[in-house]
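Step one of this worksheet: look at the structure below.
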Amino acid sequence: MKERAADIVIIGGGTGGVAAALAALRLGRTVIMTEETDWIGGQLTAQAVPPDEHPWIERYGATNSYRQFAEGVRDYYRTYYPLTNEARRIVNLNPGNGNVSRLCHEPRVALAVIEGMLAPFRAGQQLDILLNTRAIAAETDGDRIRAVTVRNSLTDAETVLTAPYIIDATELGDLLELANIEHIIGAESKDQTGELHAVDGEPQPLDQQAVTWCFAMDWLPGEDHTIDKPEDYDFWNSYQADFWPDKQLSWHDVNPISLATRYRAVFDSDGNTDFNRNHDFWHYRRILNKDYYPEGVFRSDITLVNWPQIDYWLGPLLGVSEDEVKENLRQCRQLTYSFLYWMQTEAPRHDGGYGYPGLRLRHDIVGTEDGLAKYVYVRESRRMQAEFTVTEQHVGVEQRGSLIGAEIFHDTVGTGSYRIDLHPSTAPRTYVDISSYPFQIPLGALIPVRMENMLPACKNLGVTHITNGCYRLHPVEWNIGEAAGALAAYCLNNDLSPRQVRNTAQHLSDFQTLLAKKLDFALQWPEFARITPR
């Protein structure tokens with residue numbers, strides 16, 4: 001069996017994995033990074049989810065490398081796309097002009113920008129990326145991971161990877177299970193965490209947020225692009241959850257905050273203007289705006305479908321058998337296809353009648369033959385038991401009570417801001433979407449209670465089921481990963497352990513200085529933002 005070694009091995013090439021690699025590489029270390037699909041970038045690329053960002057992202061609350069990525073996306077469109085002069089002059093260009101973010105863009109563009117950021121390190125043989133590769137086993141020696149065995153899904157070839165530091169950047173926290181690292185899945189109870197919105201009674205490990213299989217589509221009125229009727233269509237066309245106001249396949253859904261029933265359709269006008277754009281789904285995650293280009297360049301906008309109708313909550317991906325996982329992923333895909341087929345054939349139209357056969361599945365946008373994203377969108381993974389766990393008491397506006405702003409962490413290694421946003425879950429239960437303050441990322445949440453050479457780089461850090469809801473979004477995951485990569489490199493460069501860095505005042509100060517000065521991290525919020533609830 002082939003063996004490979006580097007200073008740092010990163011298992012998982014998603015958003016956090018990419019950021020971890022960038023930090024470690026810029027601090028002089030060698031890196032091997034694996035990725036299950038053939039696209040690195042995770043949420044931004046293989047899962048096809050435009051970034052969910054806070055309103056100050058261009059100036060505050062992000063690392064410099066994340067801003068480099070964002071500007072790289074904008075520059076890509078300015079360089080290679082025939083934008084109108086008016087669009088080209090927009091300073092913070094939003095390529096899709098979607099509502100969810102000021103950086104709604106195509107996943108292929110994100111991939112190109114990320115590849116460009118990593119290209120010099122690959123050319124210098126400082127970085128190697130193993131695509132179509134996932135971890136299948138981990139060898140431990142006491143409180144250290146000695147090696148991780150990975151398998152290429154195309155060739156079945158196995159490779160043993162070794163490094164002084166192993167970073168888990170997988171979407172589901174795979175190494176936590178493979179290496180028997182203390183971790184939690186699902187929902188903790190109020191008795192465990194004291195959180196206002198934790199579940200009553202016993203903890204519920206199988207209570208996990210819905211997953212979603214996303215897709216892109218455009219609209220060509222007068223044409224027929226109806227897909228074949230999905231195998232499970234009859235089931236999904238009649239299914240209605242107890243907590244949902246209508247059938248799953250309908251334009252009625254739930255306002256995540258108020259839990260009131262709302263009506264939001266794909267179009268709320270003629271589909272060709274921005275009239276009432278805040279009241280339809282077409283503009284919600286639109287990733288290409290044809291009006292930014294001369295007439296005739298693009299036949300249609302392109303929108304990314306990550307909508308409530310395709311949230312799958314009938315079964316979890318963690319804590320169940322492999323057969324159940326496969327079946328839940330199959331049903332998740334069937335739900336997505338069923339929703340598209342329903343929109344094409346039975347959905348009430350904005351102009352009368354039923355069905356939009358002109359909605360066309362854009363497999364080319366997501367890089368697959370079947371038209372769905374390369375990987376399911378995962379909102380919640382295994383969560384490592386850490387030296388410090390972030391709870392609702394630290395960030396939730398309601399539970400903070402008379403305290404203004406989130407908890408200030410002495411060991412901050414970054415910032416983030418998002419509502420505590422939990423989608424319907426496999427309990428099953430409806431949304432938990434509550435206000436939070438802009439927060440910091442404590443270094444203690446990146447250090448396992450026992451393991452000495454493993455670090456988390458995404459949703460697998462020390463948070464709860466509740467606080468995962470605000471620590472799981474793109475810029476935050478990027479910051480978590482970049483901090484993990486920087487920590488591993490810093491420890492190697494200074495012959496220290498992560499625990500020593502956090503728990504020795506001078507080492508912590510020196511590490512935070514490196515983050516702030518060399519890597520240009522934001523470690524705290526300006527006061528006006530810190531006290532502004534989301």
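Read the figures in this text as sums done on the coordinates, not as results from a lab. Nothing here was measured: the structure is a model prediction, and the numbers come from that model. Counting neighbours? That spans all protein chains shown, and the Cβs are built from the backbone with ideal geometry, glycine included.
From most to least packed by mean Cβ count within 10 Å, the peptides 429-438, 336-345, 228-237 give 336-345, 429-438, 228-237. How charged is the neighbourhood of Thr336? Take every other residue with its Cβ under 13 Å from the Cβ of Thr336, and add Lys/Arg as +1 and Asp/Glu as -1. In short, -2. A quarter of the convex hull surface defined by the alpha-carbon atoms of the range 213-366 gives 10.5 nm² as the mean projection.
Taking the C-alpha atoms only, the angle from helix 322-345 to the longest principal axis of the chain is near 30 degrees.
Here the relative contact order of the range 213-366, from alpha carbon pairs under 8 Å that lie six or more residues apart, stands at 38 percent. Sequentially through the range 305-313, phi angles give Karplus couplings (6.51, -1.76, 1.60; θ = phi - 60°) of 8, 9, 10, x, 5, 10, 6, 9, 10 Hz, Gly and Pro residues having no value and appearing as x. The tail of the calculated P(r) for the chain, taken as Cα-Cα distances beyond 33 Å, holds 38 percent of the pairs.
Taking a ≥ b ≥ c as the square roots of the eigenvalues of the Cα gyration tensor, the range 434-513 is prolate, since a/c reaches 1.5 or more and a/b is larger than b/c. Under 5 Å from the amide H of Thr30 lie the amide H atoms of Asp7, Ile8, each residue being 5 or more positions distant or on a separate chain, with H modelled from the backbone and absent for Pro and chain starts. Between Lys517 and Arg67, the C-beta separation translates, for a Förster distance of 22 Å, into a calculated FRET efficiency of about 0.85. Whose amide H sits under 5 Å from the amide H of Leu288, counting only residues 5 or more places off or on another chain, with H placed in the peptide plane? It is Ile302, by chain and number. Report relative contact order for the range 8-119 in percent, whole number only (criteria: Cα-Cα under 8 Å, sequence separation at least 6). Dividing the mean separation by the residue count of the range 8-119 yields 27 percent. If only the Cβ of Lys and Arg carry +1 and only the Cβ of Asp and Glu carry -1, the dipole of the range 213-366 around its Cα centre is close to 300 debye. Evaluated with a Cβ-only charge set (Lys, Arg +1; Asp, Glu -1), the chain carries a dipole of roughly 1460 debye about its Cα centre, given to the nearest 20. Given +1 at the Cβ of Lys and Arg, -1 at the Cβ of Asp and Glu and no other charges, the dipole of the range 411-534 around its Cα centre is 260 debye to the nearest 20. With respect to the chain, whose longest principal axis is taken over its alpha-carbon atoms, helix 64-80 is tilted by about 40°. Listed by chain and number, the lysines whose C-alpha is less than 21 Å from the C-alpha of Lys374, apart from same-chain residues fewer than 8 away, are Lys326, Lys459.
What the phi angles of the range 445-462 give under the Karplus curve with 6.51, -1.76 and 1.60, with θ = phi - 60°, is a coupling list of 6, 9, 10, x, 5, 10, 4, 9, 10, 10, 10, x, 10, 7, 6, 9, 7, x Hz, glycine and proline written as x.
Placing unit charges on each Cβ (+1 for Lys and Arg, -1 for Asp and Glu) gives the chain a dipole about its Cα centre, and among Ser402, Asn85, Gly371 the Cα reaching farthest toward its positive end belongs to Asn85. How much of the DSSP beta bridge set in the chain is antiparallel, as a percent to the nearest 5? Percent antiparallel among DSSP bridges in the chain is about 65. Sorted on the mean count of surrounding Cβ atoms within 10 Å across their residues, most packed first, peptides 35-46, 356-367, 99-110, 489-500 read 35-46, 99-110, 356-367, 489-500.
Ranking Thr464, Val31, Phe215 by how far each Cα lies toward the positive end of the dipole of the chain (charges on Cβ) leaves Val31 at the top.
Counted by Cβ distance under 13 Å from Leu154, the other residues give a net charge of -3, where Lys and Arg count +1 and Asp and Glu count -1. Relative intensity of the range 1-124 on a log10 scale, I(q)/I(0) at q = 0.19 Å⁻¹, equals -1.09, per a Debye sum over C-alpha point scatterers of equal strength in the absence of solvent. Binning the alpha carbon pair distances of the range 103-180 at 5 angstrom intervals from zero yields the distribution 3, 12, 18, 19, 19, 16, 8, 4, 1, 0, expressed in whole percent. A dipole drawn for the chain from +1 and -1 charges on Cβ atoms has a positive end, and of Ile136, Thr345, Tyr284 the residue lying farthest that way is Tyr284. In terms of the mean number of neighbouring beta-carbon atoms within 10 Å, the peptides 465-474, 48-57 order highest first as 465-474, 48-57.
Which of rounded, prolate, oblate describes the range 156-265, given a ≥ b ≥ c as roots of the alpha-carbon gyration tensor eigenvalues and a/c under 1.5 marking rounded, otherwise prolate only if a/b is larger than b/c? Since a/c reaches 1.5 but b/c is at least a/b, the shape of the range 156-265 is classed as oblate.
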